[in-house]
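The values are calculated or read from the model by the stated rules, or taken from the named source; none is laboratory data. None of the values given here were measured: they were computed from a predicted structure. Cβ coordinates were reconstructed from backbone atoms using ideal geometry, including for glycine residues, and neighbour counts include every protein chain displayed.
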Amino acid sequence: MRPDLSSLPEEFTAPAPAKPVKRVKPVETPEERAERYRRKRRAQFVGVIVFSTLVLVAVIAAVVISQFSSNRGASSQSQQNTCSAPMKPAEPSGVTVNVYNMTTKPGMATDIGDQFTKREFKVGTVGNYSGPLTRPGRTSVRAVIKARPDREAQALAVQRQLPDAVFQADPTMKSASVDVYLLDQVPELNKTVDSSEGALVCR
């Protein structure tokens, strides 16, 4: 038999479910809005500075590594191409240079000869040359320097002046001078000249 619930007191009636409290979003004042915008802009600015700094550091590191590798390779190649014992270059005033032009540009031997004169070398014969010459294996070579084996110090002094020049010893030469054969256009002598001890480059 089911109990009669209608006779229960009113206080025993189940309460109605509570309504959810609606959260009211606080109203942002113009000053707060401006401050929030400033903080956002500062954060963006700092991010750009950090990113730019990282990119700059990476670029500098890449350039330094590339330069180091290039210098290391050039130094290694130069050492492999040497053909004499290390020596001190002779003083320019004690070296006589003959300059021969084997290019199609007229007047180059005179131009280079004048530059040798300005550097206190003694300049002998200057002119064109179309005779026999042993060509070096590298196509980048601009000049060939020839001298007697006992004139290597004088040849080294001349070689230090010229870009991309190789030395060829010539025991048959009777003169004590150093001959320079221009194979390619040489606009000017090296601006910086190394006067330290070193070996001749022959290849």
Every residue from segment 168-193 that is in contact (Cβ under 8 Å) with a residue 40 or more places away in the chain and among the acidic types (D, E):
D179, D184, E188
Considering each of R135, R142 in turn, give the residue that is out of contact with any Lys or Arg (no Cβ under 7 Å at 6 or more places or on another chain), touching a residue at least 40 places away in the same chain (Cβ under 8 Å), assigned by TED's automatic domain parsing to the domain that holds S175 and surrounded by fewer than 14 Cβ atoms within 10 Å (Cβ to Cβ).
R135
